[in-house]
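Scroll down for the structure; my scribbles are underneath it.
The values are calculated or read from the model by the stated rules, or taken from the named source; none is laboratory data. From a predicted model like this one, the values you see are computed outputs, not experimental measurements. Quick reminder, even Gly has a Cβ in these numbers, built from the backbone with ideal geometry, and neighbours come from all protein chains shown.
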Amino acid sequence: MPVPGGLLPQTGPQYAELAAITRRAFIPQLVVQIYNASPLMAALLANAQSAGGGVSSVTVPVQGSPLVVASAGGYDGSFTPPPPLTGVQDAEFNLQLVLTPIPFLGMEGLVQVDHAVIPLIQARMNDATNVTMDFMATGAYSNISLTNNQVVGLDGAIDDGTNLVVYGNINRTANPWWKSYIKATGGGVPTRKNVLQWIVGLNKYCGEQPSFGVTDAGTWATLAQDYVGSETYMITPGNAFDSDADRPRAAFKALDVGGVPVYMDPYFPVADQGNIDLVNTNYLNAYWHDQAAFNFSGFESTIPNFQIGYVGVVVNAWQIVNTKPKASARITGYTGGAIGLI
């Protein structure tokens, strides 16, 4: 029933009559309420890599120790005979399936043809992408299992063996070079100074700068407090705050620490509040099968199941792969007034 009031009578027979013989004034848009944007997924999609079939669909040769030995030489040019060193092995990853079925009931089509405000099949097709991305963004952080048919998230890809000892079929205990830079802050609030300390530590650990950082809303808001009090506003000469079209902006979309932007991600796990993941996208990427990257199977009839209708499936075969775990880091244990309140 429509809502009474305004242009409509509050109650009574006139309201009932108008409601019975008047069409609704629909806005022909479906406003989605239930999904979030993820900086991590944006980065993974922007740097997506292609994979094919085969056993261990993503196999990366990695070097964990020197293959030759250097030494100082004298005038005679002699040198020590080279030993037969071995230092290369394969990091192996399997793609994982994400399947999103889309139903289309036969009677639904008959009811909606020429009378649809929002065609349900279009809404479902659009929602299939949103649901798939939501499922992926959730698993992209917290999953560390190798047996539940989901991708290994950052908690396993950026790790020192605490969450996942064997990653990519390589044992982190036996191969310490396969460990990420994991450091506990010992408490305290995140500030530009102490976050920079760990970024510098990662740089010393692996010789490279991370691409960006991600954290939860509370930790991000606490870090932002270290910026906001130091803001400076520059006004075009002759203009005022209320008259300058390009008026000053307060606060930030990303918090830059030593050239590394730190983003808030709504999918960052609640269990990891107080942590900051520093990601190096030169090595940490998502791989999609070249025949299963949001591919649609097409609709197939459900009549063999004694039902008039159709069903199709959006198919993804993907995996998050970190080919150099030591180039990424996790900083743990921050606290602050905003954490837990957002």
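Given LEU255, LEU284, which one is buried (at least 19 other Cβ atoms within 10 Å of the Cβ) and modelled with pLDDT under 90?
Step by step, each of LEU255, LEU284 is checked, and only LEU255 is buried (at least 19 other Cβ atoms within 10 Å of the Cβ) and modelled with pLDDT under 90.
Can THR80 be described as in contact (Cβ under 8 Å) with a residue 12 or more places away in the chain and either part of a loop (DSSP other than H, G, I, E, B) or touching a Cys at 6+ places or on another chain (Cβ under 7 Å) (or both)?
Taking the combined requirement at face value, the residue does not satisfy it.
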For residues in the stretch 21-46 being polar (S, T, N, Q) and over 9 Å from the mean Cα position of the chain (by Cα), which is modelled with the lowest pLDDT?
THR22
In the stretch 193-209, what count of residues is obtained for those that are farther than 17 Å from ASP272 by Cβ and touching a Leu at 6+ places or on another chain (Cβ under 9 Å)?
4
Here's a check for you: in the stretch 293-332, which residue that is within 22 Å of SER50 (Cα to Cα), assigned to a strand (DSSP E or B) and of a type in the set (Val, Ile, Thr) is farthest from the chain's Cα centre (by Cα)?
VAL313
How many of the residues in the stretch 99-128 are closer than 30 Å to ASN149 by Cβ and touching a Phe, Trp or Tyr at 6+ places or on another chain (Cβ under 6 Å)?
2
Of all residues making up the stretch 119-167, the number that are touching an Asp or Glu at 6+ places or on another chain (Cβ under 7 Å) and part of a loop (DSSP other than H, G, I, E, B)
3
Scan (1) within 22 Å of VAL151 (Cα to Cα); (2) exposed (fewer than 11 other Cβ atoms within 10 Å of the Cβ); (3) of a type outside the set (Phe, Trp, Tyr) for the single condition PRO84 breaks and write down its number.
(1)
Qualifying positions in the stretch 90-118 - in a strand (DSSP E or B) and buried (at least 16 other Cβ atoms within 10 Å of the Cβ)
ALA91, PHE93, GLN96, VAL98, THR100, ILE102, PHE104, LEU105
For the stretch 287-326, give me each residue that is of a type outside the set (Gly, Ala, Ser), surrounded by 18 or more Cβ atoms within 10 Å (Cβ to Cβ) and farther than 30 Å from SER65 by Cβ.
TRP288, HIS289, TYR310, VAL314, VAL315, ASN316, TRP318
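Could you list, in sequence order, the residues of the stretch 163-181 that are surrounded by fewer than 18 Cβ atoms within 10 Å (Cβ to Cβ) and in contact with a strand residue (DSSP E or B) (Cβ under 7 Å, 6 or more places away or on another chain)?
Scanning the stretch 163-181 gives VAL165, ASN169.
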